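S.K.: The structure under discussion is supplied below as structure tokens; questions concerning it will follow.
The values are calculated or read from the model by the stated rules, or taken from the named source; none is laboratory data. Only a predicted model underlies this, so the values are computations on that prediction, with no experimental measurement involved. All Cβ positions, glycine included, derive from the backbone under ideal geometry; neighbour counts span all protein chains shown. In case anyone asks, the SASA skips ligands and DNA or RNA and just uses the protein heavy atoms, side chains included. Shrake-Rupley method; radii C 1.70, N 1.55, O 1.52, S 1.80 Å.
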Amino acid sequence: MAKKPFTKNNNAPTISTDIIGAPLYSSEAEKAVLGSMISHPQEVNYKVMEVGIKRSDFFVPAHQEIFEAILTLDAKSQPIDIPILHQYFEDRKLADIIGSPGILAELVAGVATHLNTESYVRIVKGKSVLRQLQSACQSIAQDIADRPDEVESVLDLAESYVFAVNSEADTKAAVTIRDEIKRTLLQIERYRKM
């Protein structure tokens, strides 16, 4: 849907939805999270999921694919490293699209320390929430332009948009007891083998 400016009246200044700006994201924080998940999966992945981060929190499409691949491999208790991830992408004909194996090596090489992963995750999640707010603002501006005489309706919609973003920001990853027990047992088994 094209962005269109709207005016209150002919003498009022035009307010454009372009004022919202480009989508906010931190490519470096996204890379740091993924690099940590690849280089230290046993120590990091559970902490990442605990925060409730998900695929759509990543802005860069290649980062979304890599995150999804890590989750898929982890759910199947498969090891996570560059060759296995690269093969995962090769099998799905995604390697060339996302730039694997180069991007994977770049992610791992770029990790200064996995000890700051929680901070990186908060940055990624925060930028995701801000993008959702940007989208809500665009929707609100469009509703105002489309329904200038329906104040109550537009106000209700605006409230629902912001409420949805707030609800999303407050949620943690929903983990069932069965999933939690399974993950814990797998971690115990991994540590026993060390």
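S.K.: Could you please let me know if Gln142 is over 19 Å from Ser27 (Cβ atoms) and part of a loop (DSSP other than H, G, I, E, B)?
M.R.: no
S.K.: Still on this structure, please answer the following. Do any residues in the range 9-34 that are open to solvent by 40 Å² or more (accessible area, probe 1.4 Å) have Cβ atoms under 6 Å from those of residues that are modelled with pLDDT of 65 or more and outside any helix (DSSP H, G or I), where the two are at least six apart or on different chains, and which pairs are they?
M.R.: Tyr25/Phe59; Lys31/Gly110
S.K.: Pick from Val154, Val129, Val165, Val124: which is closer than 21 Å to Tyr46 by Cβ and at pLDDT 80 or above?
M.R.: Val124
S.K.: In the range 132-154, which residue that is over 21 Å from Pro23 (Cα atoms) and in contact (Cβ under 8 Å) with a residue 40 or more places away in the chain is surrounded by the most Cβ atoms within 10 Å (Cβ to Cβ)?
M.R.: Applying the filter and picking the extreme gives Ile144.
S.K.: Of all residues in the range 53-86, which are assigned to a loop (DSSP other than H, G, I, E, B), touching a Lys or Arg at 6+ places or on another chain (Cβ under 6 Å) and open to solvent by 10 Å² or more (accessible area, probe 1.4 Å)?
M.R.: Across the range 53-86, there are no qualifying residues.
S.K.: From the list Gly110, Gly126, Gly99, which one is without any contact (Cβ under 8 Å) to a residue 12 or more places away in the chain and either over 19 Å from the mean Cα position of the chain (by Cα) or closer than 30 Å to Glu168 by Cα (or both)?
M.R.: One residue alone meets the criteria, Gly126.
S.K.: Yes or no: Leu157 under 21 Å from Lys54 (Cβ atoms), among the aliphatic types (A, V, I, L, M) and surrounded by 14 or more Cβ atoms within 10 Å (Cβ to Cβ)?
M.R.: Criteria not met by Leu157.
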